[in-house]
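One structure is given here, and the rest of the page talks about it.
The values are calculated or read from the model by the stated rules, or taken from the named source; none is laboratory data. This is a predicted model, so every value here is computed, not measured. Here the Cβ positions follow ideal geometry from the backbone for every residue, glycine too, while neighbour counts run over all protein chains shown. Protein only, heavy atoms only, side chains kept; ligands, DNA and RNA dropped before computing areas. Shrake-Rupley method; radii C 1.70, N 1.55, O 1.52, S 1.80 Å.
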Amino acid sequence: MKKLNTLIIGSGAAGLAAAVRLNALGVSSIAIYTEGLKMGTSINTGSDKQTYYKLGMYGQEPDSPALLAKDLMNGGSVHGDIALTEASLSPLAFHNLVALGVPFPHDEFGQYIGYKTDHDPKRRATSCGPYTSRDMCLSLIREVKTRGIEVREKRIALSLLTVEENGRKRCCGAIFANTKANGEDALETVLAENVVFAVGGPGGFYARSVYPVVHTGAIGLAIAIGARARNLAESQFGMASTKFRWNVSGSYMQVLPRIVSRAADGVSDEKEFLREYFRTPAEMYDMIFLKGYQWPFAAGHVPGSSLIDIFVNIEIVERDRRVFLDYRTDPADYDFNALNAETREYLTRSGALADTPLKRLELLNRPAVELYRSHGIDLSKEALEIAVCAQHNNGGLAGNLWWESENIKHLFPIGEVNGSHGVTRPGGTALNAGQVGAFRAAEFIAAKYAEETLSIEAAEASAKEELAHLNAKWDKPAGRNWKEERRIFQLRMSESGAFVREEEHLRKALAETREQLTRLKADGLGGKRVEDRAEAVRNQQLLTAQILYLEAILKQVSDGVGSRGGAIVLSPNGNKIHPLLSDNWKCAPEDESYRKQTLECALRPDGSAEFAWTPCRELPVTDGWFETVWSDYRSKRIYGGNA
């Protein structure tokens, strides 16, 4: 057993930032346990121009933490004090990245330029290209190595450890599979005063996903120990390529590619299927252009640009066809002059006028073309297969003002696994939230949790109990193939728990998920490789998480929340969304009163779910006096009342 002050699980942008900040604040007994520094979403994902969202810092446009916090709250189901914290720390977190070498653009005066993104009334967004989060990770990794922070790679987290302390659960470490080892050495235990849980979103949930293949997520480990979650039903989905997982947002749509479907063989019977839904080709292309601006699927854009996502999904799911973006040619009836003024003006002012979508894309955003070429996809020679894919979970574990779990002491969920975002959020907010969460957790640990208070005897007893449970099945042969089992629940989640939701389908999916988890818990874990045994355990934590996610989605549907954010709810009593679609495509309207509440939930020890609709806390009104704030800071009173 290894003993640390702080164990960081995960090495994405949030986990790395937490380690660097802890070290800078003098907490030296720390280590990062990760499947690999080059694994995970942060270092393997992006978009046509991946956005980092922060406080406005350019020109004469006024901004303040309170104004930014209000805009973070406008999407609904966001606590005001958390929004204010994310807004207030955004300049510090941003400039820390700049100081570490992340190349965010500025002008000759040192002003960091911005632009507007979705759900953003001001020019707060910035970017250093399609791989902004990768650039963040690379800079943070360099700093981790410079500071000599311990990193243990090839570790898969199998369980979180807890002890009872003063009537509450306390997280005290974790058990990992060391995939470099064999036999008994494969299981490693780490005891820790604090656990920074930076494991990302639920990438392993879905068959149709833009999460990197190497990222699965581990929120189920925290759900299994009873950690409270918030807004799990709120996720983002959008069109993405599937051969190489990448969002086809922004310029990928604004250059007006042909969107075609083919038979299941991917070759025969090609059709421009969108034409059947629009009166003219120009109307169709104007909607495709708008889809670039409004890339994430949004219930508020139905009817509107998000109908494109629905038409694509119908083609794939209901008609068993495959959908492609073809940038090689314009159709014979493509008429630039027939497009609306907004589309024509954008392409003209951007200098992106040409006779094929690919030429327009090269003029508008050449790196977007080169990115696919670097992954073996030449857009001049092949069409790009796409689907509507899971992209981000706006919900996650419930944390307080210091990103500590609301009901599991010394557990700090940061990054995407922390559910701070609510129903909708300005694009790029997640990158800022991850950095702010890292700073808050590190500051609180350094100020309040740096001393040794953990009962080692109690922690060791917890570890031995969990190890006995794992060892009982570690060498017992697995009766089922973990890859086949995972494919089953991923398809089920994409069909029932993604952006199109229906109560009957959800109830069926939930029952099947519970039954599958019961089967797998009774099965052995034994396999030829440590990785196979660890993946079998991972299936159980993913299914555990799926149960609570499906319960949360079903709770919202049955309570009448309706269609909102990144999903629609189909209902016989809803509004028909398009005249050419069947009556099955009736959309339940949103009850906006629920935007003033958050949905809190947790799994009970017996596996049932408990829920509470909690009123959103108001935005704090601050009118402090310097001397008193300074006094509270010096005396550490600012860290009190952190429930």
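Structure summary
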{"quantity": "Solvent-accessible heavy-atom area per residue, rounded to whole Å², over the chain at 1.4 Å", "calculated": "40 Å²"}
{"quantity": "Cβ-based net charge around residue 459, under 14 Å, with every Lys or Arg adding one and every Asp or Glu removing one", "calculated": "-2"}
{"quantity": "Taking the chain and dividing mean pair separation by its residue count, relative contact order in percent (alpha carbons under 8 Å, at least six apart)", "calculated": "21 percent"}
{"quantity": "Efficiency of FRET between residue 627 and residue 597 - r from beta-carbon atoms, R0 51 angstrom, step 0.05", "calculated": "0.85"}
{"quantity": "Value of [θ]222 nm, deg cm²/dmol, for the chain, DSSP H segments ≥ 4, -39500 (n - 2.57) each, nearest 500", "calculated": "-11000 deg cm²/dmol"}
{"quantity": "Beta bridges per DSSP with both ends in the chain, % antiparallel, nearest 5", "calculated": "70 percent"}
{"quantity": "Sequence-distant residues sharing a close amide H with residue 571 (under 5 Å, placed H)", "calculated": "586, 587, 588"}
{"quantity": "Per-peptide average of other Cβ atoms within 10 Å, ordering 249-260, 579-590 highest first", "calculated": "249-260, 579-590"}
{"quantity": "Phi to ³J(HN,Hα) by Karplus 6.51 cos²θ - 1.76 cosθ + 1.60 over the stretch 410-416, Hz, x for Gly, Pro", "calculated": "6, 10, 10, x, 10, x, 5"}
{"quantity": "Percent carbon-and-sulfur accessible area, the stretch 1-159, ignoring ligands, DNA and RNA, probe 1.4 Å", "calculated": "51 percent"}
{"quantity": "Peptide ranges 376-389, 444-457 listed from the most packed, as the mean C-beta count within 10 angstrom indicates", "calculated": "376-389, 444-457"}
{"quantity": "Contact order normalised by residue count of the stretch 316-451, Cα under 8 Å, 6+ apart, percent", "calculated": "19 percent"}
{"quantity": "Protection proxy ranking, peptides 601-613, 559-571, 322-334, average beta carbon neighbours within 10 Å, highest first", "calculated": "559-571, 322-334, 601-613"}
{"quantity": "Label of the coordinate-derived value, mean projected area of the Cα convex hull in nm², listed as [x] 37.7; [y] 35.0; [z] 28.7", "calculated": "[z]"}
{"quantity": "Share of carbon and sulfur in the accessible heavy-atom surface of the stretch 470-605 [1.4 Å probe, %]", "calculated": "49 percent"}
{"quantity": "The stretch 52-116: relative contact order as a whole-number percent, Cα under 8 Å and 6+ apart", "calculated": "36 percent"}
{"quantity": "Area accessible to solvent at residue 51, 1.4 Å probe radius, in Å²", "calculated": "20 Å²"}
{"quantity": "Local electrostatic count, residue 140, Cβ distance below 11 Å [Lys/Arg +1, Asp/Glu -1]", "calculated": "+3"}
{"quantity": "Kyte-Doolittle mean at least -0.5, axial Cα span of 18 Å or more - DSSP H helices of the chain", "calculated": "132-146, 281-293, 357-374, 429-448, 456-474, 530-559"}
